[in-house]
């Protein structure tokens with residue numbers, strides 16, 4: 001597992017039923033591209049997050065396949081519909097097999 | 001081996017051409033786009049791609065893409081060592097078919113967004129981004 005991986009998400013605490021909300025996510029990860037070389041000229045092996053998946057109450061919102069061309073600390077901003085009260089589940093999949101998860105509950109206002 | 005003036009010039013010119021080549025070659029990007037579309041033709045319009053005109057730092061270039069009615073969007077950087085950047089599939093609860101993120105660009109090049117529409121057609125948008133400092137290390 002890469003060191004110091006911390007997911008951060010910004011989701012409104014409440015929304016009207018059927019409302020479209022903007023979600024911002026950021027996860028701290030060095031996203032080593034596999035193109036860089038160290039001071040001895042050896043390639044630094046690739047180590048990135050390769051997939052990011054968001055669901056709401058088990059229903060799919062967005063599924064992103066990530067390549068090395070995504071910057072350090074991958075940031076994503078997108079919109080989702082909130083049909084009822086429930087929970088957004090965010091999952092990041094690391095190259096080394098680690099899975100980082102976080103979730104945010106949304107109430108109906 | 002005697003290096004004549006002519007040899008030295010030829011060598012210099014070919015080295016120069018080689019260093020330029022990676023940023024100009026778009027065959028890899030075309031291949032990557034064809035893999036995403038399955039070889040189908042792409043039309044213009046229907047996709048809006050927002051990129052900065054000049055990026056000072058190629059390590060984090062903010063891009064956003066919006067394609068109403070799309071089921072999937074892929075972003076390609078034509079001049080990167082690997083042209084694929086991200087592929088996003090939208091589920092039933094996606095509020096809009098839009099995504100913003102930050103990407104790495106190796107140098108001045110075209111950024112291409114391809115959207116797969118619900119009817120199976122593909123639309124494309126492309127922007128040129130000038131990069132002052134490339135983002136590929138090395």
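In nanometres, what is the gap between the two model label sites at residue B:31 and residue A:102, each 7 Å from Cα along Cα-to-Cβ?
3.8 nm
Between A:55, A:72, A:20, where does the largest GNM mean-square fluctuation fall for chain A, given springs only between Cα atoms within less than 10 Å?
Checking each option, the largest mean-square fluctuation is seen for A:20.
How much length, in nm to one decimal, is gained on full extension between residue A:40 and residue A:17, taken as 0.36 nm per residue of separation minus their Cα-Cα distance?
2.6 nm
Taking springs between alpha-carbon atoms closer than 10 angstrom, which of A:27, A:44, A:62 fluctuates most in the Gaussian network model of chain A?
Among A:27, A:44, A:62, the largest GNM mean-square fluctuation belongs to A:44.
How big is the protein assembly as shown by the Kirkwood estimate over distinct Cα pairs, in Å?
By the Kirkwood definition, the hydrodynamic radius is 19.4 Å.
Roughly speaking, what is the centre-to-centre gap between the range A:45-67 and the range B:91-122 when only Cα atoms are used, to the nearest Å?
The range A:45-67 and the range B:91-122 have Cα centres spaced 15 Å from each other.
Cα-Cα pairs above 21 Å in chain A: how many percent?
Counting pairs separated by more than 21 Å, the tail of P(r) holds 40 percent.
How big is the range B:22-119 by the Kirkwood estimate over distinct Cα pairs, in Å?
13.9 Å
Over chain A, with a Gaussian network built from C-alpha contacts below 10 Å, which listed residue (A:73, A:50, A:42) shows the highest mean-square fluctuation?
Ranking A:73, A:50, A:42 by mean-square fluctuation puts A:42 first.
All of the numbers you see were taken from the coordinates with simple rules; none came from a lab. The structure presented is a predicted model; accordingly, all values stated were derived computationally and were not measured. Quick reminder, even Gly has a Cβ in these numbers, built from the backbone with ideal geometry, and neighbours come from all protein chains shown.
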